[in-house]
Every structure is written in C-alpha cells, then in structure tokens.
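**Q** One structure follows; several queries about it will come next.
All of the numbers you see were taken from the coordinates with simple rules; none came from a lab. Predicted model, so just to flag it, every value in this text is computed and none were measured. Methodologically, a virtual Cβ is constructed for each residue, glycine included, from the backbone with ideal geometry; neighbour enumeration extends over all protein chains shown.
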Amino acid sequence: MAQTPYSQTGESSPQPSPGGMTGILRDWASDRQTFRQVPWGKVMMWVFLLSDTFIFGIFLLAYMTVRSSTPVPWPNPSEVFALEVAGQTLPLFLIAIMTFVLISSSGTMALAVRFAYARDRRNTALLLLATALLGATFVGMQAFEWSKLIAEGVRPWANPFGAPQFGSSFFMITGFHGFHVSVGVLFLLIITRKVLRGDFDLERRGFFTSRKGSYEQIETMGLYWHFVDLVWVFIFAFFYLW
Amino acid sequence: MAKATPTDIDDLETADLPEMDLYHPKSFLTKWVFSQDAKVIALQYATTATLIGLVALVLSWLMRLQLGFPDSFDFIAPTDYYQYITMHGMIMVIYLLTALFLGGFGNYLIPLMIGARDMVFPYMNMLSYWIYLAAVLLLAATFFVPGGPTGAGWTLYPPQAILSGTPGREWGIVLMLASLALFIVGFTMGGLNYVITVLQARARGMTLMRMPLTIWGIFVATILALLAFPSLFVSVIMLLFDRLLNTSFFMPHIIEFGEKLQYGGGSPILFQHLFWFFGHPEVYIVAVPAFGIVSDLIATHARKNIFGYRMMVWAILIIGLLSFVVWAHHMYVSGMNPYFGFFFATSTLIIAVPTAIKVYNWVLTLWRGNIHLSLPMLFAIGFIITFINGGITGLFLGNVIVDVPLSDTMFVVAHFHMVMGVAPILVVFGAIYHWFPLITGRWLNQTLGHLHFWITFVGAYAIYFPMHYLGFMGVPRRYYSLGETAFIPDSVADLNKFITLAALVVGAAQIVFIFNLIYSIFWGRKAERNPWKATTLEWQTETMPPRHGNFGPQLPRVYRWAYDYSVPGAKDDFIPQNQPPAPDEEAAPTGAPPS
C-alpha cells in the first residue's frame with residue numbers, strides 16, 4: 001500500500017486526471033464531494049427526479065397492463081379527445097395546444113436560467129412568470145378537458161365509450177401529472193418573488209428553512225420543470241397517440 | 001418553525017462547506033421536539049419505531065398463543081388473528097426495521113461517520129420525521145376504528161384485500177393504504193437527505209473508498225428505497241382508488257355472495273408484480289444496512305481490519321443491483337409464464353454469490369483476530385450464524401420446484417423470520433450496545449445485556465428451527481387453527497406449544513432490554529471517551545455525546561480508511577481515521593481504486 005493512487009488529503013489533485021473510466025471513477029470516489037461544485041439542491045433534485053421517474057414509469061406500466069387485461073374494447077382516442085370547433089370535429093385539437101403550451105414553457109424556463117446566471121433579475125423574473133403562466137394555462141386547459149369528459153359521462157369507475165379502465169387511468173395519471181405542474185407553478189411564483197425582491201443578492205434567509213438561497217435554485221427549479229414536460233410527452237404518446 | 005435562527009458562533013469552518021448553515025435552537029421546543037439536528041431526529045425516529053414495534057411484538061404473542069393453544073382463548077376470533085398477522089408484518093418490516101435502520105441509525109451515524117456537521121437539508125429531515133410520525137399514528141388508529149385494522153395479510157393482495165369478507169374492509173384498509181403513502185412521502189424526504197449527505201458533504205480526505213461499511217450499507221439501502229418505494233406508492237394509490245372509487249385496476253370480474261360486483265377487467269397479478277418489485281428490494285433495504293453495521297462491529301471488536309474491504313463494497317452494490325431483478329420469486333405459485341420462473345430462479349441464486357463473499361469476509365475478519373466477546377461482538381456472531389441459516393433456506397425457496405410444495409407453509413415463515421427478522425434485529429441490538437455510550441455517555445447494564453443476548457439468540461432458534469420442520473410437514477401459514485387435518489400428525493400440536501412458550505420468553509427478554517435502555521440512560525455507569533477504541537470519526541468528537549454541530553471548530557480531516565486496527569509498529573492497536581500519518585509511516589491505505 002505504499003503507492004499513493006491519488007490525492008489523499010483533499011487538496012486539489014496536482015496531477016492531471018487520467019481520463020476515461022479510471023478518471024470518472026477517481027473523480028466520483030474522491031473526497032468531500034462526488035459531484036464537484038454542484039450545489040446540494042441540484043444533486044437532490046436529480047436524485048428526486050430519478051425516484052419520480054420510477055413513479056411515472058410504473059404508473060404508465062400499470063396503465064399498459066390494465067389496457068391489455070380488460071376484455072372491454074378501449075375507446076378510440078381520436079374520437080374521445082376530439083373537440084368541436086366551429087362545427088368541425090378536430091381530433092387531438094385541444095391536446096395539441098396543451099402540448100405546445102407546455103413545451104413552450106420549457107423554452108421560457110431555459111431562458112430564465114440563462115438570465116439568472118447573468119444576474120439579470122428583471123428578465124429572469126419576467127421569464128419565470130411567463131413559465132408559471134404557461135403552466136397555469138396548461139392546468140386550466142386540463143381542467144377544461146376533464147370537465148368535458150366528465151360531462152360526457154366518463155368517470156373513474158365507468159366510461160360510456162368502452163373500458164372503464166380508460167377513465168380510471170386517465171384521471172389518475174393526468175391528475176398526478178397535473179398535480180406536479182401545479183406544484184411547479186406554485187414554486188415558480190415563490191421563486192419569482194424571491195428574484196424580484198433580490199433575495200439571492202441580499203442573502204435573505206428562507207422563511208421555513210432559514211437558509212440563504214442562490215441563483216442556482218432557478219436551475220434546480222428548471223430541472224423539475226423540464227422533467228414535468230418530459231413526462232407529459234410520454235403521457236401524450238401513451239394516452240392520445242396509442 | 002421559522003424560530004430556528006442561523007448560528008452565530010463563528011467557529012464553524014464555513015470555508016470548508018459553504019452551504020452548511022447550522023441552526024441553533026433557541027427553546028426546548030426547537031431543541032428536542034421540532035429539532036433539525038440529525039441526532040435528535042434519529043432518536044425521535046428510533047423511539048417511535050420501537051414503540052410501534054412493541055405493539056407488533058404483542059401481536060406476535062397473541063398469534064403464538066392462538067397457534068400454541070387453539071380453542072383456549074375466546075377473545076381471539078379468526079378475524080382478529082388475520083388482523084394480528086397483517087399488522088405484525090407491516091409494522092415490523094416497514095414501520096420498525098426500515099425506519100429504525102435508515103431514519104434512526106442513518107440519521108445518527110451518517111453525518112458523524114463522514115465528518116459532516118449535520119444532514120444537508122435539516123428542515124426537510126425534520127419534516128421527514130413528522131410525516132413518519134403521522135403515518136405511524138394513522139396506522140395505530142386502525143386499531144380503534146369500526147371493524148378494526150385490515151386483515152388482508154401484509155402483502156395486501158387484491159381482490160381479497162378489499163372484498164367484504166376481509167376484516168377491516170370499511171376503515172382498516174383505507175387507513176393502512178393512506179398510512180403507507182404518507183410513510184413513503186416522509187421517507188423520500190429523509191432518503192434524499194441521506195443520499196445527498198453521503199455524496200456531497202464528506203470531510204476532507206473522506207473518499208468514498210474510505211467510508212466505513214456502515215455508511216456504505218445505509219447509503220446503498222437508501223438508494224434502493226428511493227427506487228423501490230415508488231412501486232409501492234403507485235400500487236397503494238391504485239388499490240385505494242379500487243376501494244374508494246370502485247375503479248378496476250386490480251379487480252377482475254368477481255362474484256361475491258352470489259352477487260356480481262361492479263368491478264371488472266383489472267389485473268390482480270399486476271398488484272403482485274408491483275408489490276414485490278418493492279417487496280424484494282425492501283428485504284435488502286433492511287439487510288444491507290445490517291451488513292454494513294455488522295462489518296464495523298466485527299472489525300472493531302476483533303481488533304482487525306475488515307477482510308476484503310473493496311470486495312465488501314462491491315458486494316453491497318451488486319446485491320443492491322440484483323435485488324431489483326428477482327422480485328417474481330415471490331410469485332412462483334401465482335401463475336406466471338414458466339420461463340419467468342426460470343429467469344427469476346437464476347437471478348435469485350446468483351445473489352448468493354455476493355452474499356457468500358460477505359459471509360466469508362466476516363469470518364475471515366474474525367480469523368486469528370483478537371476477538372473480544374463483548375455484547376456487540378456476540379450479537380455480530382449471532383447475526384452471521386443466523387444469516388447463514390436464513391440464507392441457506394433461501395436457496396431452497398429460490399428454486400421453483402422446491403418452492404412450489406413449500407409455498408405458504410411454515411417453512412416460508414421460518415425462512416424470512418430468520419433472514420430478515422432475527423438477523424437484522426440482532427444487528428440492531430449489537431449496534432445499540434455498541435453506540436449507546438456514544439449517544440448517552442453511559443453504559444448499558446452488561447449483565448442484563450448478556451441475559452438479553454442469550455435468551456434472544458437461543459430463543460430465536462427454539463422458535464424458528466422447529467418451524468422449518470413444521471413447514472416440511474405441510475403445516476400451512478396464516479391458518480387460524482389446524483383443526484382435523486389428515487396429513488398433519490398430532491405431534492405438530494406439541495411442537496406448536498413449545499414454539500409458543502419460546503416466543504413468550506423471547507418477547508419478555510425484549511422487555512428487559514427496553515428496561516435496560518431506560519434505566520441506563522439515567523443511571524448507567526458513565527462511559528469514558530471512545531470506550532471501544534474505535535477508529536471511526538463518530539468517536540473522535542470533542543464531546544461525548546457529540547454536541548449540536550458534531551465536531552469542534554475544525555471539521556475532522558481524514559487520512560486513512562476506517563479499519564486501521566492492530567497496525568504493526570503503531571503505538572496503539574487502533575489509529576483513528578483523522579490521525580495524520582507519522583513521518584516515517586508509509587502512505588496510509590486508502591482502499592481506493594488503483595489508477
């Protein structure tokens with residue numbers, strides 16, 4: 001054990017990283033931080049999202065299973081989700097707008113992160129607000145779609161168009177996703193307020209955690225928001241296109 | 001909770017960890033009740049888990065009374081018996097063992113052993129405990145609602161879990177499911193803390209490959225939990241909808257008392273898959289921290305470095321990985337495609353390889369070690385023996401053709417109680433005897449401790465060895481009473497009486513242990529600092545018990561791995577991790593991957 005494989009004391013390693021797999025392992029296993037210079041909150045968000053991926057993945061797997069286990073035919077999504085606009089029946093019309101809105105909100109979120117790192121408080125706040133508004137619009141349209149389906153008689157336990165599992169899994173999974181979006185909107189508004197007030201520059205402490213925040217929180221928020229968007233893409237594909 | 005104010009002491013080395021903000025509690029309330037200190041949260045977790053665990057212990061007594069002396073206890077009706085079984089299993093596995101290992105030992109040991117001042121998100125850590133408490137209270141409430149707790153068995157299989165013949169169909173099952181969902185939410189908050197603290201808040205020099213195996217075990221178990229609990233969460237939500245909203249996720253077309261229910265088209269097997277995708281990793285969520293802790297107990301009390309440290313770490317990681325691809329071995333009799341059985345039997349038996357590596361390494365650590373037969377060591381040796389026993393019967397049950405006749409017999413009960421009941425609990429006891437001086441500054445009474453160990457260890461064998469035999473005889477599990485059964489000989493009844501007597505005695509020994517804990521907190525013999533002469537950082541704190549913030553003005557700096565015991569040429573037979581290398585000492589072993 002005379003050999004000293006790498007810096008043991010935690011000083012920044014004098015010799016260059018060997019690169020490749022060895023380099024990755026060496027960096028990961030080094031002292032203090034596995035992910036150097038990455039804020040705690042950001043690592044936490046990644047791990048949380050990994051866990052949340054399992055939740056949504058299992059929801060969708062369960063949906064696929066009940067869809068194939070039920071003997072009653074599955075309703076045709078082009079008809080169930082169609083919207084009548086100006087006397088014309090347009091399949092997937094509402095959902096196309098909803099998806100567009102949510103994907104756009106990812107764009108504004110990404111821009112907000114960029115401006116946050118530039119310490120441009122005004123633009124950051126505006127873009128965060130825009131993201132929150134787009135998110136709220138999405139939830140609003142989802143509520144509209146829910147009430148349309150409910151008015152047509154779709155219930156968690158019954159469905160005039162075919163298998164009752166359609167109603168149950170649709171309400172459960174889009175509901176769970178909509179809950180994620182709503183929580184995201186709430187946090188976007190809170191962070192917008194913090195940015196506007198300059199909390200991150202003044203090192204003001206949080207109400208609950210009494211910790212100082214930083215502009216990196218906007219990136220962490222962004223991770224969550226992009227994740228919620230990505231999940232929607234899958235829900236969209238599985239419910240509306242299949 | 002905004003009462004907790006940021007620290008004003010200037011001795012915290014903020015440059016070391018810019019994000020670490022400590023809060024100094026101002027009042028009794030923020031210090032002991034709504035505390036954000038991981039050590040206090042750990043004690044809160046441990047106390048709550050122990051209290052609800054005592055309920056489960058009493059339930060097991062009642063079950064054994066019924067099995068040992070059927071027809072003697074009027075107050076135990078068949079429905080009561082099912083409720084006891086369900087609550088005993090659920091409490092022991094989730095609310096006691098998971099919470100105790102991760103919420104209790106994890107919270108206490110992670111920051112101390114890796115040289116951090118606290119968990120990285122203390123506020124969330126506090127929330128985690130309070131949500132856990134709410135889950136426990138909700139669970140306990142089921143004893144008092146109309147109809148009592150659910151009697152669905154701890155696996156809660158639909159359709160029977162929510163049909164009207166099952167006890168607790170009205171309230172019990174709903175509260176149980178809600179409690180589980182809450183538990184998972186609370187656990188996720190704590191679990192994120194444990195993982196991120198290990199990843200991002202280690203002391204200088206504390207590389208991953210210098211971490212004590214305790215931390216490796218808790219770390220890997222927490223990752224398992226964060227990935228396995230989602231599966232339980234989803235199935236719990238869907239079962240709740242099936243029960244409350246009459247959805248049919250898990251409910252097929254079904255006729256009850258001659259009446260067709262409005263369910264139809266769901267998949268009961270889906271629930272089993274989801275449940276066991278959680279359920280099998282859950283076994284390792286309990287076992288892997290025990291593996292880690294027992295490694296440290298053995299090394300410390302045999303004054304010898306752990307044999308094959310790197311192999312131990314990799315074995316933990318491989319066991320964790322494999323635990324996600326073996327779940328359907330709980331479902332051999334559920335009606336799967338036979339090829340699935342082949343796959344899952346193979347992956348199950350492969351787990352024996354890393355597990356056997358660990359057992360060999362423990363034994364080889366003891367080999368020619370300076371073994372001190374202290375209480376932690378006794379419990380550690382007890383664990384190794386019990387784990388080998390339970391593991392070997394696991395090989396029986398992992399094989400499809402052996403499992404099919406043994407399914408739902410007492411053999412299964414004996415197997416899992418040995419491997420994930422007795423074995424981890426022995427480690428819990430060993431760990432408590434080991435770390436009690438650190439936590440309280442006092443010794444547990446050693447005489448009572450020895451009494452506790454021998455009764456528990458010998459008693460556990462008196463309970464579970466005959467149970468294997470009962471299983472081979474074909475005695476089914478979960479039966480309220482055997483009645484007149486042609487293939488079961490009369491001697492089974494005598495054996496059942498014997499097991500019941502043993503169970504009563506072992507349970508009583510745990511009461512003695514609880515008494516010992518309470519007595520010793522106040523009147524125990526005072527302990528000197530680092531009484532076991534251990535190398536790990538939690539014993540090197542300025543004060544014992546460690547104060548808020550864990551370490552003194554300077555965070556410790558780590559120069560070596562956790563197992564420098566009996567190093568030739570060293571002054572003492574142990575070198576703490578934070579002791580700088582002597583001038584003439586060769587570079588300390590790191591256990592790090594070679595470059």
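**Q** What is the angle, in °, between the Cα long axis of helix B:309-322 and the longest principal axis of the Cα atoms in chain B? Nearest 10 is fine, range 0 to 90.
**A** 30 degrees
**Q** For the pair B:Ser72 and A:Ala118, how long in nm is the line joining their label points, each one 7 Å along Cα→Cβ?
**A** Roughly 8.2 nm, to one decimal.
**Q** Return B:Met420, B:Met336 ranked ascending by Cβ neighbour count within 10 Å, so the fewest neighbours appear first.
**A** B:Met336, B:Met420
**Q** Oh, and also: Where does the longest stretch of chain A lie that holds no GluC sites (Glu not before Pro) found in a DSSP loop with 12 or fewer other Cβ atoms within 10 Å?
**A** Answer - A:12-151.
**Q** Okay, moving on. Given 20 °C and 1.002 mPa s, compute D for chain B with the Stokes-Einstein relation, Rh being the Kirkwood radius over Cα pairs; round to the nearest whole µm²/s.
**A** Diffusion coefficient, whole number: 86 µm²/s.
**Q** In straight Cα distance, which lysines are under 22 Å from B:Lys304, not counting same-chain residues fewer than 8 positions off?
**A** List returned: B:Lys358, B:Lys533, B:Lys571.
**Q** Which value at 222 nm does the protein assembly as shown reach when only helices count, each DSSP H run of 4 or more adding -39,500 (n - 2.57), with the total divided by all residues and rounded to the nearest 500 deg cm²/dmol? It would help to have the intermediate numbers written out before the result.
**A** Values: 23 runs with 486 residues, N = 837.
Calculated mean residue ellipticity at 222 nm is -20000 deg cm²/dmol.
**Q** Turning to a different aspect of this structure: Stokes-Einstein at 25 °C, 0.890 mPa s, Kirkwood radius from Cα pairs: D for the protein assembly as shown in µm² s⁻¹? All intermediate terms of the calculation are to be shown ahead of the outcome.
**A** Details: Rh = 28.8 Å.
Estimated diffusion coefficient is 85 µm²/s.
**Q** Which one, B:Asn361, B:Pro583, B:Ile388, projects farthest toward the positive side of the charge dipole computed for the protein assembly as shown from Cβ point charges (K/R +1, D/E -1)?
**A** It is B:Pro583, whose Cα lies furthest towards the positive end.
**Q** Something else now. What list do you get for B:Lys260, A:Lys212, B:Lys358 if you sort them by fewest beta carbons within 10 Å?
**A** B:Lys260, A:Lys212, B:Lys358
**Q** Pop out the ³J(HN,Hα) list for the stretch A:133-138 in order, Karplus 6.51 cos²θ - 1.76 cosθ + 1.60 with θ = phi - 60°, rounded to Hz; leave Gly and Pro as x.
**A** 3J(HN,Hα) across the stretch A:133-138, in whole Hz: 5, 4, x, 5, 4, 4.
**Q** Kindly provide the pair-distance distribution of the stretch B:323-439 built from C-alpha pairs, with 10 Å bins from 0 and whole-percent values in order of increasing distance.
**A** Taking every Cα pair in the stretch B:323-439, the percentages come to 13, 36, 29, 16, 6, 0.
**Q** Between the stretch B:372-391 and the stretch A:55-114, how many Å separate their Cα centres?
**A** Comparing the Cα centres of the stretch B:372-391 and the stretch A:55-114, I get a distance of 55 Å.
**Q** A follow-up question, please. For a Förster distance of 25 Å, can you work out the FRET efficiency between the beta-carbons of B:Phe522 and B:Lys26, rounded to the nearest 0.05?
**A** That pair, B:Phe522 with B:Lys26, gives E of 0.45.
**Q** Which loop chymotrypsin sites (Phe, Trp or Tyr not before Pro) in the stretch B:456-528, with loop taken from DSSP, have no more than 13 other Cβ atoms within 10 angstrom of their Cβ?
**A** B:Phe487
**Q** With a cap of 10 neighbouring Cβ atoms within 10 Å, and only residues DSSP puts in a loop, list the chymotrypsin sites (Phe, Trp or Tyr not before Pro) found in the stretch B:165-273.
**A** Sites meeting the loop and neighbour criteria: B:Phe257.
**Q** Right, here's the next one. Report relative contact order for the stretch A:30-165 in percent, whole number only (criteria: Cα-Cα under 8 Å, sequence separation at least 6).
**A** Worked out over the stretch A:30-165, it gives 23 percent.
**Q** If each of A:Ser78 and B:Ser164 carries a label point 7 Å out from its Cα toward its Cβ, how far apart are those two points in nm?
**A** 4.5 nm
**Q** Let me ask something else. Dipole size in debye (nearest 20) for chain B around its Cα centre, Lys and Arg Cβ +1, Asp and Glu Cβ -1?
**A** 680 debye
**Q** Taking Cα pairs under 8 Å and at least six residues apart, what relative contact order does chain B come out at, in percent?
**A** 16 percent
**Q** Moving on to the next point. For the stretch A:15-143, compute the orientation-averaged projected area of the C-alpha convex hull (one quarter of its surface), in nm².
**A** About 14.1 nm², averaged over all directions.
**Q** Compute the semi-axes of the equivalent ellipsoid of the stretch B:140-274, taking the square root of 5 times each eigenvalue of the Cα gyration tensor, and list them largest first in whole Å.
**A** Details: eigenvalues 314, 49, 23 Å².
Working from the Cα gyration tensor, I get semi-axes of 40, 16, 11 Å.
**Q** May I ask you to sort B:Met90, B:Met377 by Cβ crowding, counting other Cβ atoms within 10 Å and putting the fewest first?
**A** The order, fewest Cβ neighbours first, is B:Met377, B:Met90.
**Q** Another question, if that's okay. Expressed as a rounded percentage, what relative contact order does chain A have, with Cα pairs under 8 Å and six or more residues apart?
**A** RCO, chain A: 23 percent.
**Q** Chain B: longest stretch without exposed GluC sites (Glu not before Pro) (DSSP loop, at most 12 other Cβ within 10 Å), sites themselves excluded?
**A** Here the longest segment lacking exposed loop sites spans B:1-483.
**Q** Roughly how crowded by other chains is peptide A:56-67, in terms of the mean Cβ count from those chains within 10 Å of each of its Cβ atoms?
**A** Across A:56-67, the average partner-chain Cβ count within 10 Å equals 5.
**Q** A follow-up question, please. Would you mind checking the pairs A:Lys42/A:Lys212; B:Lys31/B:Lys526; A:Lys212/B:Lys31; A:Lys212/B:Lys39 and listing those with alpha carbons more than 18 angstrom apart? Write down the numbers at each step before the final one.
**A** Numbers: A:Lys42/A:Lys212 15 Å; B:Lys31/B:Lys526 24 Å; A:Lys212/B:Lys31 21 Å; A:Lys212/B:Lys39 23 Å.
Flagged as over cut-off: B:Lys31/B:Lys526; A:Lys212/B:Lys31; A:Lys212/B:Lys39.
**Q** Please give, to one decimal in nm, the separation of the simple spin-label points placed at A:Leu90 and B:Leu373, each 7 Å out from Cα toward the Cβ.
**A** According to this spin-label approximation, the distance is 8.4 nm.
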